[in-house]
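*Asks:* Here it is, the structure, as structure tokens.
The values are calculated or read from the model by the stated rules, or taken from the named source; none is laboratory data. Since we're looking at a predicted model, the values are computed, not measured. Cβ placement follows ideal geometry from the backbone for every residue including glycine, while neighbour counts extend to all protein chains displayed. In case anyone asks, the SASA skips ligands and DNA or RNA and just uses the protein heavy atoms, side chains included. Shrake-Rupley method; radii C 1.70, N 1.55, O 1.52, S 1.80 Å.
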Amino acid sequence: MEDLIKGRLGGADGYDIRCTIDGDTIRGRAGGKLHGKDIDLEITERGVQGSVGNDPVKIELDGGELKGNVGSQKLTLRGVDRVTGFMGEPIVGWNVVAQQNGEHLSGQLGSTVLGRPFELELGSAPGWVGTLVALVAFYALEPRASVSVSR
């Protein structure tokens, strides 16, 4: 059975997100035809793996948390309907908080002032899947998210 996740990251000046879920596969696009990246993810017994554009995504369940990488960024997520977590490094990173209400997910990446809000319609997908899709889209389209910091 195919389901749809669709919505927006970043409000009026942000990006559209549209993905289909077919079984354990999530495929879609963040952004438009000219400025966007393809999302291709698979939910496995141990976590989620796949790609966003040309960058790998590999996240595994570890002690009740999803931990791994979206491209060059570390990611940790906790929760199912109310999701919290962090993407990036401790000094240069983004907190994430999201809340599912029925088929609707609303959340925030980073601070209220400098961060990016997101709103998604989930269909029958759980909130953690929508939150992960929003984070993958953020990584794909925000230059500050996909640049690794050298020390």
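*Asks:* Is there a residue being polar (S, T, N, Q), touching a residue at least 60 places away in the same chain (Cβ under 8 Å) and part of a strand (DSSP E or B) anywhere in the range 14-24? Reasoning before the result, please.
*Replies:* Here is the first cut: in the range 14-24, the ones polar (S, T, N, Q) are 20.
Still in the list and also touching a residue at least 60 places away in the same chain (Cβ under 8 Å): none.
The answer is no, given that none of the residues of the range 14-24 is polar (S, T, N, Q), touching a residue at least 60 places away in the same chain (Cβ under 8 Å) and part of a strand (DSSP E or B).
For (1) open to solvent by less than 80 Å² (accessible area, probe 1.4 Å); (2) among the hydroxyl-bearing types (Ser, Thr, Tyr); (3) within 12 Å of LEU132 (Cα to Cα), each residue gets a yes or a no:
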{"position": "ILE5", "(1), (2), (3)": "yes, no, yes"}
{"position": "ASP13", "(1), (2), (3)": "no, no, no"}
{"position": "ILE21", "(1), (2), (3)": "yes, no, no"}
{"position": "ASP38", "(1), (2), (3)": "no, no, no"}
{"position": "SER72", "(1), (2), (3)": "yes, yes, no"}
{"position": "LEU77", "(1), (2), (3)": "yes, no, yes"}
{"position": "GLN99", "(1), (2), (3)": "yes, no, no"}
{"position": "GLU103", "(1), (2), (3)": "no, no, no"}
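*Asks:* Let me ask another. Going by the conditions given, is VAL83 over 21 Å from GLU119 (Cβ atoms), among the hydrophobic types (A, V, I, L, M, F, W, C) and out of contact with any Asp or Glu (no Cβ under 8 Å at 6 or more places or on another chain)? I'd like the intermediate steps shown before the answer.
*Replies:* Working: over 21 Å from GLU119 (Cβ atoms): no; among the hydrophobic types (A, V, I, L, M, F, W, C): yes; out of contact with any Asp or Glu (no Cβ under 8 Å at 6 or more places or on another chain): yes.
No: the conditions fail for VAL83.
*Asks:* Can you name every residue in the range 53-63 that is open to solvent by 60 Å² or more (accessible area, probe 1.4 Å) and over 21 Å from PRO90 (Cβ atoms)? So that I can check it myself, show each step before the final result.
*Replies:* Taking the range 53-63 first, the residues open to solvent by 60 Å² or more (accessible area, probe 1.4 Å) are 54, 56, 58, 60-63.
Matches in the range 53-63: ASN54, PRO56, LEU61.
*Asks:* Same structure, new question: Going residue by residue through the range 27-45, is there one that turns out to be polar (S, T, N, Q) and within 23 Å of ASN101 (Cα to Cα)?
*Replies:* Among the residues of the range 27-45, not one is polar (S, T, N, Q) and within 23 Å of ASN101 (Cα to Cα), which makes the answer no.
*Asks:* So GLY50 clears everything in (1) open to solvent by 50 Å² or more (accessible area, probe 1.4 Å); (2) assigned to a strand (DSSP E or B) except one condition, right? Which one?
*Replies:* Among (1) open to solvent by 50 Å² or more (accessible area, probe 1.4 Å); (2) assigned to a strand (DSSP E or B), the lone unmet condition for GLY50 is (1).
*Asks:* Now a separate question. Looking at the structure I just gave you, is PHE86 under 14 Å from ASN69 (Cα atoms) and either part of a loop (DSSP other than H, G, I, E, B) or at pLDDT 95 or above (or both)? First the steps, then the outcome.
*Replies:* On the way: under 14 Å from ASN69 (Cα atoms): yes; either part of a loop (DSSP other than H, G, I, E, B) or at pLDDT 95 or above (or both): yes.
It is true that PHE86 is under 14 Å from ASN69 (Cα atoms) and either part of a loop (DSSP other than H, G, I, E, B) or at pLDDT 95 or above (or both).
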